[in-house]
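Notes follow the structure.
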Amino acid sequence: MCVGDSEMTCGESRDRSQLNLPGRQLDLVKAVHATGTPVVLVLQIGRGMTLNWEAENIPAILNAWFPGERGGQAVAEALFGDLNPAGRLPVTFPKSVGQLPLYYNILPYGSHQYIDLDTEPLFPFGHGLSYTEFAYSNLKMTPEQTGPSGEVTVTADVENVGNRTGDEVVQLYIRDKVSSVIRPLKELAGFERIHLEPGEKRTVSLSLGARQLRLLDRNWNWAVEPGEFEVMVGGSSETVLKGGFEVVGA
């Protein structure tokens, strides 16, 4: 089932008070689902949406965004298994408009608490599935101490534990535990897309230097401050492996 937005419901000056499927599209999806017909939902949308019923009841959802003139071919190849999707969300999908604004790199104490809803997103930033699965292990930082102008190499083993060839987008996030100005609880610091055969394992290496570690201090100067950094690696902003290193000296 192909559902979603159009130029009438998404675009400049097309704000909406709700982020569910426009019109009676959800009613149509529910009616088809109720017949017992297997359903794959193809979304053609231009924004993050609240898709709670769909995510709970529809076994497969393909987000095509607004795919353009070759979109039909791309969707068909993904649905029939001619290619293995590896896209990742560049935004966070909320469970409710009441959660907005919602993004992965919130500041400390920046999330809202609700009595009728948790604070977790429906789909986090960087999320994306494929026809196979990947396992992460053996996270290492080299060196575990560095200076403000130094560089740390982060490595992790990624294994295709499914039975299909596929691509994984390995994502690296950092957190500056203590800083002179407020920094997000999590910041994307690097990523790499890799291609793995079934059963294949590869060590992925990503670098952290002053460009990723620096902050804009109270005097409006870029600086890498001494202290501990937490490192997180995984297939989305809801990361899998955690470690850390320390910046020393001035």
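The values are calculated or read from the model by the stated rules, or taken from the named source; none is laboratory data. Values in this document were obtained by computation on a predicted structure and should not be read as measured data. Quick reminder, even Gly has a Cβ in these numbers, built from the backbone with ideal geometry, and neighbours come from all protein chains shown.
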Looking at the structure I just gave you, is Arg164 charged (D, E, K, R), farther than 19 Å from Ser236 by Cα, touching a residue at least 24 places away in the same chain (Cβ under 8 Å) and surrounded by fewer than 19 Cβ atoms within 10 Å (Cβ to Cβ)? yes
Just to be sure before I move on: is Ile58 surrounded by 12 or more Cβ atoms within 10 Å (Cβ to Cβ), outside the structural domain of Leu196 (by TED's automatic domain parsing) and in contact (Cβ under 8 Å) with a residue 60 or more places away in the chain in the structure I sent? no
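For the range 91-101, enumerate the residues that are in a loop (DSSP other than H, G, I, E, B) and free of Cβ contacts under 8 Å to residues at least 24 places away in the same chain.
In the first step, residues of the range 91-101 are kept if they are in a loop (DSSP other than H, G, I, E, B); the result is 91-92, 94-96, 100-101.
Result: Leu100, Pro101.
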Any idea which of Ala189, Ala135 is loosely packed, with under 15 Cβ neighbours inside 10 Å and under 17 Å from the mean Cα position of the chain (by Cα)? Ala135
Hits in the range 138-160 - residues which are surrounded by 13 or more Cβ atoms within 10 Å (Cβ to Cβ) and not in a strand (DSSP E or B): Gly147, Pro148, Gly150, Glu151
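Got a sec? Which of Thr146, Thr119 is among the polar types (S, T, N, Q), farther than 26 Å from Ala86 by Cβ and outside the structural domain of Ser236 (by TED's automatic domain parsing)?
Details: Thr146 fails: outside the structural domain of Ser236 (by TED's automatic domain parsing).
Every option except Thr119 fails the conditions.
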Tell me, which residue of the range 26-64 that is outside any loop (DSSP other than H, G, I, E, B) and within 17 Å of the chain's Cα centre (by Cα) is farthest from Gly128 (Cα to Cα)? Ala55
Aliphatic (A, V, I, L, M), over 16 Å from Thr132 (Cα atoms), assigned by TED's automatic domain parsing to the domain that holds Ser17 and assigned to a loop (DSSP other than H, G, I, E, B) - does that describe any residue in the range 73-81? no
Inside the range 20-52, can you point out the residues that are among the hydroxyl-bearing types (Ser, Thr, Tyr) and either loosely packed, with under 11 Cβ neighbours inside 10 Å or under 11 Å from Met1 (Cβ atoms) (or both)? Thr35, Thr37
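Taking only the range 178-208 into account, find how many residues are over 19 Å from Gly234 (Cα atoms) and either free of Cβ contacts under 8 Å to residues at least 60 places away in the same chain or in contact with a helix residue (DSSP H, G or I) (Cβ under 6 Å, 6 or more places away or on another chain) (or both). Before you say what the answer is, go through the steps one by one.
Quick first cut of the range 178-208, residues over 19 Å from Gly234 (Cα atoms) only: 178-183.
Among the residues that remain, those that are also either free of Cβ contacts under 8 Å to residues at least 60 places away in the same chain or in contact with a helix residue (DSSP H, G or I) (Cβ under 6 Å, 6 or more places away or on another chain) (or both) are: 178-181.
Here the count works out to 4.
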Looking at the range 91-130, which of its residues are among the small types (Gly, Ala, Ser) and farther than 15 Å from Leu185 by Cα? Ser96, Gly98, Gly126, Gly128, Ser130
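Of all residues in the range 211-237, which are among the acidic types (Asp, Glu) and either in contact with a Leu (Cβ under 9 Å, 6 or more places away or on another chain) or surrounded by 17 or more Cβ atoms within 10 Å (Cβ to Cβ) (or both)? Quick ask: steps written out before the conclusion?
First pass over the range 211-237, keeping only residues among the acidic types (Asp, Glu): 217, 225, 228, 230.
Matches in the range 211-237: Glu225 only.
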Within the range 170-179, considering residues that are hydrophobic (A, V, I, L, M, F, W, C) and surrounded by 17 or more Cβ atoms within 10 Å (Cβ to Cβ), the one nearest to Gly81 (Cα to Cα): Val170
